[in-house]
Amino acid sequence: MKIVVGVCGSVAAVRTPELVRELVRQGFDVECVMSPEAQGIIHPNVLHWASDKPVITELSGAVEHVKLLGVGGSAKLLLICPATSNTISKIACGIDDTTVTTMVATALGAKKPVIIVPAMHVSMFRNPFVAENIKKLKKAGIRFVGPRIEEDKAKIAEEEDIIAEVKRALGK
């Protein structure tokens, strides 16, 4: 089953290659998409290795977002891991100005499941506007996994919790 993993510019992006690798081990066909900020933290080649597929770093005339997550698209789910406060707020406001947010806009329009895994400093996570945006997205049916609050950080959820939510969302 094909899923898309969107990676945003949190330092937690360093944990995404192992998550992608485990999803592949468990039988998922994973396509990765990275925001420009994520590419400043990890190189797309690492996710290419993890998924065994070229990584989408920019959208082209091939309309990758529609082919993957549009109506009739080949992917069944979009997992954003990690998701920054910036990306969460953009999604809540309907802004799609990065590869990741355009994937979200397309998935939501096609009524495909979206899972968000936040990771940021705890002060950012507790920002009342971010908290309000998370509530808004949950009300719209977007699922959230985590974060774990440790060391004044809202850390990425555990890998097994993320994978379990992916399976739940897909009815597996």
### Message
Run the simple label-point estimate for K138 and Q26 please: 7 Å along Cα→C-beta, distance reported in nm.
### Response
2.2
### Charge dipole of the chain about the Cα centre (unit charges at C-beta), most positive-ward option of I134, V14, A38
I134
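Once the other residues with Cβ under 13 Å from the Cβ of A110 are scored (Lys, Arg +1; Asp, Glu -1), what is the net sum?
Value of the local net charge: +4.
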### Task
Before anything else, pin down the relative contact order of the stretch 2-169: Cα pairs under 8 Å, at least 6 apart, normalised by residue count, whole percent.
22
#### Entry: Centre separation in Å (Cα based) which lies between the stretch 1-71 and the stretch 81-117
14
### Query
In straight Cα distance, which aspartates and glutamates are under 12 Å from K153, not counting same-chain residues fewer than 8 positions off?
none
### Message
When a/c reaches 1.5 or more, the comparison of a/b and b/c decides; with that in mind, is the stretch 96-171 rounded, prolate or oblate per its Cα gyration tensor?
### Response
oblate
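For the peptides 134-143, 72-81, what is the packing order when you average, over each peptide's residues, the other Cβ atoms within 10 Å and list the highest mean first?
Working: 134-143: 14.7, 72-81: 21.7.
Highest to lowest by the protection proxy: 72-81, 134-143.
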### Query
What are the residues whose amide H is under 5 Å from the amide H of A157, where those residues sit 5 or more places off or on another chain and H is modelled from the backbone?
R148
### Task
Would you indicate which of (1) 10, 37, 33, 17, 3, 0; (2) 9, 35, 38, 16, 3, 0; (3) 11, 44, 38, 7, 0 is the value of P(r) over Cα pairs in 10 Å bins from 0, in percent derived from the coordinates of this structure?
(3)
#### Entry: Pairwise FRET efficiency - K111 versus E159, Cβ, R0 = 30 Å, nearest 0.05
0.65
### Message
I'd like the Karplus ³J(HN,Hα) series for the stretch 98-109: coefficients 6.51, -1.76, 1.60, θ = phi - 60°, whole numbers in Hz, and an x wherever there's a Gly or Pro.
### Response
10, 4, 5, 5, 5, 4, 5, 4, 5, 4, 5, x
### Summary
Residue-ordered couplings for the stretch 113-129, obtained by feeding phi - 60° into the Karplus form 6.51 cos²θ - 1.76 cosθ + 1.60 and rounding to whole Hz (Gly and Pro as x), are x, 10, 10, 10, 10, x, 7, 5, 5, 4, 5, 6, 5, 8, 4, x, 6
### Query
So what J values fall out for the stretch 151-158 if you push phi through Karplus, 6.51 cos²θ - 1.76 cosθ + 1.60 with θ = phi - 60°, rounded to Hz, Gly and Pro as x?
6, 6, 10, 9, 7, 4, 5, 5
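Given only helices, namely DSSP H runs of n ≥ 4 each adding -39500 (n - 2.57), what is the per-residue ellipticity at 222 nm of the chain, to the nearest 500 deg cm²/dmol? Kindly include the intermediate steps, with their values, before the conclusion.
Numbers: 9 runs with 74 residues, N = 172.
Result for the chain, helices only: -11500 deg cm²/dmol.
Bear in mind that the values in this text are calculations on the coordinates, not laboratory data. The model shown is predicted, which means the values in this text are computed figures rather than measured ones. So basically every Cβ, Gly included, is an ideal-geometry build from the backbone, and we count neighbours across all protein chains shown.
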